[in-house]
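One structure is given here, and the rest of the page talks about it.
The values are calculated or read from the model by the stated rules, or taken from the named source; none is laboratory data. Here the structure is a predicted model, which is why all the values come from computation and not from measurement. For neighbour counting, all protein chains shown are included, and Cβ atoms are generated from backbone atoms with ideal geometry for every residue, glycine included. The protein model used for the area step is the full one, side chains on, heavy atoms only, and it has no ligands, DNA or RNA in it. Shrake-Rupley method; radii C 1.70, N 1.55, O 1.52, S 1.80 Å.
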Amino acid sequence: MKNVIGREIPEYIEGVGKIDMFVGAWEKLKKGWMDEVTIPPPNKAKLPHQSKICKTLEEAIIKTSPKDGMTVSFHHHLRNGDNILVNSIEILAKMGIKNITLASSSLNEVHNPILKYLKDGTITKIWSSGIRGEIGKAISEGVLDLPVTIHSHGGRVRAIHTGKINVDLAIIAASAADNEGNATGCKGKSAFGSMGYASIDTRYAKQVIVVSDNIVDYPCIPISITQNFVDYVVKIDSIGDASKIATGSTRITKSPIDLRIAKLAANVIEHSGSFKNGFSFQVGAGGASLAVAKYIREKMKKAEIKGSFILGGVTSYGVDMLNEGLFNTIFDVQSFDAAVCSSLINNSNHIEIPAALYANPFNCGCMTNKLDIVVLGALEIDTNFNVNVITGSDGTIRGASGGHCDTASGATLTIVVCPSFRGRIPIVKKSIHTVVTPGESIDVLVTERGICVNPLKPELEENLIKAGLNVRKIEDLQEEIASIVGEVQEIEFTDKIVGLIEYRDGTIIDVIRQVKHHG
Amino acid sequence: MKKKRRTMLYIPGNNPAMLQQGGIYGADSLLLDLEDAVALNQKDAARILVRNMIQSIDYYNAEICVRVNHIDTPFGLEDLEEIVPLQPDAIRFPKTESVEELAKIIKIIEDIEDKHGLPHDKMTLHLMIETALGVQNVFDIAKFSKRVDAITIGGQDLTADMNIKSTKDGSGIDFARKMIVMAAKANKIDVIDTVFVDVNDEEGLRLETEYAKQIGFTGKAVINPRQIDIIHEVYMPTDQEIRKAYRIIKEFKKNKKLGIGVFAIDGKMIDAPIVTRATHVLELAQIDFNTI
């Protein structure tokens, strides 16, 4: 059947069960409480002065008594520098554990080596906010029998609270930890900053292993992960390569097109009505997003505007704005470069927050609900403003939902920035492969060829037109792009569903189908 | 209203992606280049690509100007044969040195136009002055034909021709710059400054543009879209300048009706040159003189 935004989704999927259909961005939350049962975290005990230290990661994993069908979770704060996930899965595979559900907060190219464990039945199910690289490609081609579930950052917390993800073992990389398991990501040679995504795992997992290459004297301060949740502590040579967290994303782009888009987006913000003292702000790292921050910084200085807080993934650029007094506070769920660490330690207004506080929709107010302005990217956007950030132009999984739908839902002004086409592939289309964020929560699309305002926001459109900005209908923009790039051959899919796109409230907003092979 | 030529963005004629995106950056003019940006073995391909792009791409409101190769090269005539029938807004001609040469170029262009039944007054000519001889003859060149709508200085070639070092302060070509500006002003045509080659030096670009504006250039050639906004900012009159110009023109129109040529605002005399300058300010601010 078709859900409320017209996506064709089966009501029942074998191995998954009955599908809870997406009903609207805010529909399910309107009641004020949720019908889903909240799962209590496990009760545990440790005797006084009992050592948690294990000599190897293997020893620690053996102590947790791994079993077939277990769920193992990881965080992705080290992004492409992570050493822990692949090592852990290799250990479990060597022990002959099968049928693992992998619940990493995201999966990157660095995790490509686990592909063989998807093929041999070691891993049979995946929950994640993003899947990139060879794993995404293989899943799109049908390597797993069961569909993967793509959730948002806030949705992951909700899924753990409600028992949809039931973590048996959480393996948490920390750049510093003590022998009781108090841990941080802010210190040591592998410092990566906030541990916002790992927090929920430590509270809910039946067993928790903290892995660090930097065991410090008790107590490890600052404490992001507290000892009362940690079962075992392991020192290894290296948790990863912190230099690969950013992979260049914290530099302002020099691409003239990205800069053009960023400048237009900054103009949109300036004239939106939301650009005023006390406004809160979130942008991503890399591409046009960070460049928007550069222009907003200049505009804030010129107009003598002081913001309230910066939220989400934090770069050194955000830290600079905090230090310049342009914003009062940073709430940091994920640090995009190692330079952010010293600010987290030294500046009391730079605050590490857990993903639950950041974006979980099932509570009395996550911080994304307090956002005034967010700038997001897109792999595709349709003429109803629905956004795809998961599947690429070839139909394969290659992106991340991340906080996209969380922030779009919460922010007063949600701006999507993207080029209108890449190469000869249109980005603004009549229909897109996969919907991650519904159009009703997107306010403005900014491309190099013009600005499109969601018809749901007529006042905003009026403001931007009054300011002399190049506002045009999204249908006209789509047609212009089609006339430039010509007809693009549609990708063929089989009926097999390889991925479920979970909206932040747990309903299914879309499905991803297997890419059809020819010949 | 007169079209602004604050920025003229060079786009290599053999780069499809850049040709496709040329119109999005807000440059006043686009210079689709068949000359120096294109390698000798790609001249044919560039010519065809530029022809097709002019016919199919919406460059929004930008002026379209094609820089052809010199007619003394094996490519110049073919460029004109291909491009003139398309009637872009302008043809930019490199290394112009004498009126005899200019007469020859105009004859070729008009013969092509006649062959295709096209008028002689639609497409204009932009002439590049890039040699010492060109600088010496620039006054005659600028006034030679009504088709000449703008002249421009090619700094890199000029320093090479003069066998001097290209320096950041531009001292070696300063005299040439001023000669070219005077020739343009004397003939009421636009005059475009040379490119600023260090695309990462935003402050250097700003300073050079401010100097160019100060000595009379109406705009500057651009080699990277990132340079456009800086040049536009330099050329954009301030709010105070716009308000003052608006007031001057309003008073000028009122007094003109009464037959008064010279009048005062806030105790200061306003005469014809001040009115002319106010008109230029309003043009840059895109305020239509007739609406005041």
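Note the angle between two axes, namely the Cα long axis of helix A:84-94 and the longest principal axis of the Cα atoms of chain A, as a number of degrees from 0 to 90, rounded to the nearest 10.
Rounded to the nearest ten degrees, it is 50.
Name the residue farthest towards the positive end of the dipole of chain A from the options A:Pro113, A:Cys418, A:Ala183, assuming +1 on Cβ of Lys and Arg, -1 on Cβ of Asp and Glu, about the Cα centre.
Comparing the listed Cα positions along the dipole, A:Ala183 ranks first.
Over the alpha-carbon set of chain B, divide Rg by the Kirkwood Rh and report the Rg/Rh ratio to two decimals.
0.99
What is the distance in Å between the Cα centroid of segment A:176-245 and that of segment B:145-221?
61 Å
Of all DSSP beta bridges located in the protein assembly as shown, what percent are antiparallel, nearest 5?
If I count the DSSP bridges inside the protein assembly as shown, around 25 percent turn out antiparallel.
Can you give the accessible area of A:Trp26 in Å² (nearest 10), computed on protein heavy atoms with a 1.4 Å probe?
Probe radius 1.4 Å; accessible area of A:Trp26 about 100 Å².
Given contacts defined as C-alpha pairs under 8 Å and at least six residues apart, what's the relative contact order of chain B, whole-number percent?
Once normalised by length, the contact order is 15 percent.
For A:Cys364 and A:Asp394, what does the FRET efficiency come to when R0 = 60 Å and r is the distance between their Cβ atoms, rounded to the nearest 0.05?
Efficiency, rounded to the nearest 0.05: 0.90.
Just to make sure I understand: if all protein chains stay in place, what is the order of B:Asp174, B:Asp33 by accessible area at 1.4 Å, largest first?
Most to least solvent-accessible, the answer reads B:Asp174, B:Asp33.
Give me the one-decimal Kirkwood hydrodynamic radius in Å for segment A:28-115, with the sum taken over alpha-carbon pairs.
15.9 Å
Under a point spin-label approximation (7 Å from Cα along Cα-to-Cβ), what is the A:Met1-A:Lys46 distance to one decimal in nm?
Spacing of the two 7 Å Cα→Cβ label points: 4.9 nm.
For B:Lys95, enumerate residues with amide H under 5 Å from its amide H, sequence gap 5+ or separate chain, H modeled in the peptide plane.
Close amide H contacts, sequence-distant or interchain: B:Met128, B:Glu130.
Taking only protein heavy atoms and a 1.4 Å probe, what accessible area per residue, in Å², does segment A:251-400 have with all protein chains in place?
34 Å²
Working out 0.36 nm times the residue gap between A:Glu11 and A:Glu298, then minus their Cα-Cα distance, what length gain in nm do you get to one decimal?
The A:Glu11-A:Glu298 span can extend by a further 98.3 nm.
Compute the semi-axes of the equivalent ellipsoid of segment A:1-58, taking the square root of 5 times each eigenvalue of the Cα gyration tensor, and list them largest first in whole Å.
Listed largest to smallest, the semi-axes of segment A:1-58 are 43, 19, 11 Å.
Quick one: compute the contact order of segment A:410-482, relative version, from alpha carbon pairs under 8 angstrom and 6+ residues apart, as a percent.
32 percent
Which of the aspartates and glutamates could a cross-linker bridge to A:Lys189, judged by Cα under 17 Å and excluding same-chain residues fewer than eight apart?
A:Asp82, A:Asp178, A:Asp213, A:Asp217, A:Asp237, A:Asp241, A:Asp337
Lysines within cross-link reach of A:Lys44: Cα-Cα under 30 Å, excluding same-chain residues under 8 positions apart?
A:Lys52, A:Lys55, A:Lys63, A:Lys67, A:Lys94, A:Lys98, A:Lys125, A:Lys164, A:Lys187, A:Lys206, A:Lys235
Suppose every K and R has +1 on its Cβ and every D and E has -1 on its Cβ; what is the size of the dipole of segment A:418-471 about the Cα centre, in Debye to the nearest 20?
The dipole of segment A:418-471 has a size of about 400 debye.
Which of the trypsin sites (Lys or Arg not before Pro) found in segment A:402-446 are in a DSSP loop and have at most 10 neighbouring Cβ atoms, other than their own, within 10 Å?
none
Rounded to the nearest 0.05, what FRET efficiency is calculated for A:Lys94 and A:Ile53 with R0 set to 22 Å and r the Cβ-Cβ distance?
0.50
Taking the Cα centre of segment A:186-316 as origin, work out the dipole magnitude from +1 charges on Lys and Arg Cβ and -1 charges on Asp and Glu Cβ, in debye rounded to 20.
Computed charge dipole of segment A:186-316: roughly 660 debye.
Which of B:Ala186, B:Ala272, B:Ala37 moves most in a GNM of chain B, Cα contacts under 10 Å?
B:Ala272
Mind listing the long-range amide H neighbours of A:Ile508? Cut-off is under 5 Å, sequence gap 5 or more, other chains count too, H placed in the peptide plane at 1.01 Å from N.
When sequence neighbours closer than 5 places are left aside, the close amide H contacts are A:Asp20, A:Met21, A:Phe22, A:Tyr503.
Using amide H atoms built 1.01 Å from N in the peptide plane, name the residues 5+ places from A:Thr122, or on other chains, whose amide H lies under 5 Å from its own.
A:Asn99
What is the percent carbon and sulfur in the accessible area of segment A:388-463, measuring with a 1.4 Å probe over the protein chains and ignoring ligands?
Carbon plus sulfur share of accessible area: 50 percent.
Taking a temperature of 25 °C and a viscosity of 0.890 mPa s, what whole-number D in µm²/s does Stokes-Einstein yield for segment A:396-440 with Rh from Kirkwood over alpha carbon pairs?
Value of D from the Cα-based Kirkwood radius: 200 µm²/s.
Given an 8 Å cut-off on Cα distances and at least 6 residues of separation, report the relative contact order of segment B:51-206 as a percent.
Reported relative contact order: 18 percent.
Tell me which of A:Gln50, B:Ser145, B:Met128 sits at the most positive position along the dipole axis of the protein assembly as shown, charges placed on C-beta atoms (Lys, Arg +1; Asp, Glu -1).
Farthest towards the positive pole: A:Gln50.
In sequence order, what are the phi-derived ³J(HN,Hα) couplings for segment A:477-488 according to the Karplus relation 6.51 cos²θ - 1.76 cosθ + 1.60 with θ = phi - 60°, rounded to whole Hz, with x for glycine and proline?
3J(HN,Hα) across segment A:477-488, in whole Hz: 4, 4, 5, 4, 5, 4, 6, 7, 8, x, 6, 9.
When the label point is put 7 Å from the Cα of B:Ala272 along its Cα-to-beta-carbon vector, which residues of segment B:124-151 have a backbone N closer than 14 Å?
none
Return P(r) of chain A (all Cα-Cα pairs; 20 Å bins starting at 0; whole %; ordered from short to long distances).
Pairs per bin, as whole percents: 23, 57, 19, 1.
Evaluate the distance, in nm, between pseudo-label points positioned 7 Å from the Cα of A:Lys276 and of A:Asn347 along their respective Cα→Cβ axes.
Inter-label distance under the simple model: 2.6 nm.
Starting from the Cα of B:Lys178, move 7 Å in the Cα-to-Cβ direction to define the label point; list residues of segment B:217-236 whose amide nitrogen is under 14 Å from there.
B:217
So, taking all protein chains as they sit and a 1.4 Å probe, how much accessible area belongs to A:Glu324, in Å² rounded to tens?
80 Å²
Leaving out ligands, DNA and RNA but keeping every protein chain, what accessible area does B:Thr238 have, in Å² rounded to the nearest 10, with a 1.4 Å probe?
About 70 Å², rounded to the nearest 10.
List the chymotrypsin sites (Phe, Trp or Tyr not before Pro) within segment B:18-69 that fall in a DSSP loop (any state other than H, G, I, E or B) and whose Cβ has at most 15 other Cβ atoms within 10 Å.
Within segment B:18-69, the qualifying chymotrypsin sites (Phe, Trp or Tyr not before Pro) (loop, at most 15 other Cβ atoms within 10 Å) are B:Tyr60.
Short version: ³J(HN,Hα) in whole Hz for each residue of segment B:99-105, in order, from phi by Karplus 6.51 cos²θ - 1.76 cosθ + 1.60 (θ = phi - 60°), x for Gly and Pro, what are they?
6, 4, 5, 5, 4, 5, 5
Considering every residue in B:19-28, what mean count of other chain Cβ atoms within 10 Å of its Cβ is obtained?
Mean shielding by partner chains, rounded to a whole number: 4.
Of A:Lys299/B:Lys254; B:Lys43/B:Lys122; A:Lys430/A:Lys496; A:Lys18/A:Lys430, which ones are farther than 28 Å apart at the Cα?
Where the Cα-Cα span goes over 28 Å, the pairs concerned are A:Lys299/B:Lys254; A:Lys18/A:Lys430.
Work out the charge dipole of segment B:1-120 with +1 on the Cβ of Lys and Arg and -1 on the Cβ of Asp and Glu about the Cα centre, then indicate which of B:Tyr10, B:Ile91, B:Asn52 is farthest towards its positive end.
Looking along the dipole axis, the top candidate is B:Tyr10.
For labels at A:Ile491 and A:Asn328 in the simple 7 Å Cα→Cβ model, what's the distance in nm?
Rounded to a tenth, the inter-label distance reads 4.5 nm.
In whole angstrom, how long is each semi-axis of the equivalent ellipsoid of segment B:89-167, when you take the square root of 5 times every eigenvalue of its Cα gyration tensor and sort them from largest down?
Each semi-axis is √(5λ); the values are 27, 11, 10 Å.
Residues of segment B:77-110 with backbone nitrogen within less than 14 Å of a virtual label 7 Å along the Cα-to-Cβ line of B:Asp44, please, listed as ranges.
B:78-79
Could you tell me the distance between the Cα centroids of segment A:33-89 and segment A:408-457, to the nearest Å?
38 Å
Let me spell out the model: positive unit charges on the Cβ of Lys and Arg, negative unit charges on the Cβ of Asp and Glu, origin at the Cα centre of chain A. What dipole size does that give, in debye rounded to 20?
Computed about the Cα centre, the dipole is about 560 debye.
Can you tell me the 0 to 90 degree angle between the C-alpha axis of helix A:256-270 and the longest principal axis of chain A, rounded to 10?
Tilt of helix A:256-270: around 80 degrees.
So which of A:Lys294/B:Lys3; A:Lys116/A:Lys244; B:Lys168/B:Lys213; A:Lys294/A:Lys466; B:Lys165/B:Lys185; A:Lys276/A:Lys301 end up more than 22 Å apart by C-alpha?
A:Lys294/B:Lys3; A:Lys116/A:Lys244; A:Lys294/A:Lys466; B:Lys165/B:Lys185
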